[in-house]
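Scroll down for the structure; my scribbles are underneath it.
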Amino acid sequence: MAEIRHVVGARLREARVDAGLSQEALAKKLGLSQVGYSGMERGRTLIGIDVLLAVCQVVGRPVTYFVGGGMVEIGDLSDETRAVVGLMENLSQRERDAVLGYTRFVAQESAKEFDE
């Protein structure tokens, strides 16, 4: 997992620099602190899908830019997962937050059932 964080972090930095943004400016657009965002770029903090999708909107890069290239090949994903990623990219931030909240709820409930 640490290796993935570092690869994604390097791509975050590259995309931010290419977009002409400072860490502080991008963090502000994302509703994060500069310190929190810096941790993601440095691979110390794992970025959440909600933040990653917001970064994609701000810097104009697709999700596959950050998670492709040897980590997760889009062709290796199930049809359902590719469909969800495609649909999520077209939602507003508010709608993404709602979908992610529901998904987390379902995952937690599923984990509870598995533990019982």
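The values are calculated or read from the model by the stated rules, or taken from the named source; none is laboratory data. As the structure is a computational prediction, the values presented were derived from the model and not from experiment. Cβ: placed from backbone, ideal geometry, glycine included. Neighbour counts: every protein chain shown.
Some observations on this one:
- Filtered by the rule that a residue be basic (Lys, Arg) and more than 18 Å from ASP97 (Cβ to Cβ), the range 29-60 gives ARG42, ARG44.
- Residues of the range 21-51 that are touching a Phe, Trp or Tyr at 6+ places or on another chain (Cβ under 6 Å) and not small (Gly, Ala, Ser): GLN23 alone.
- From the list ASP50, ASP97, the one residue that fits, being at pLDDT below 85, in contact with a helix residue (DSSP H, G or I) (Cβ under 9 Å, 6 or more places away or on another chain) and assigned to a helix (DSSP H, G or I), is ASP97.
- Checking GLY70 against (1) in a helix (DSSP H, G or I); (2) modelled with pLDDT under 80; (3) exposed (fewer than 10 other Cβ atoms within 10 Å of the Cβ), the condition it does not meet: (1)
- Subset of the range 3-46 that is of a type outside the set (A, V, I, L, M, F, W, C) and touching a residue at least 40 places away in the same chain (Cβ under 8 Å) - its residue that is surrounded by the fewest Cβ atoms within 10 Å (Cβ to Cβ): ASP18
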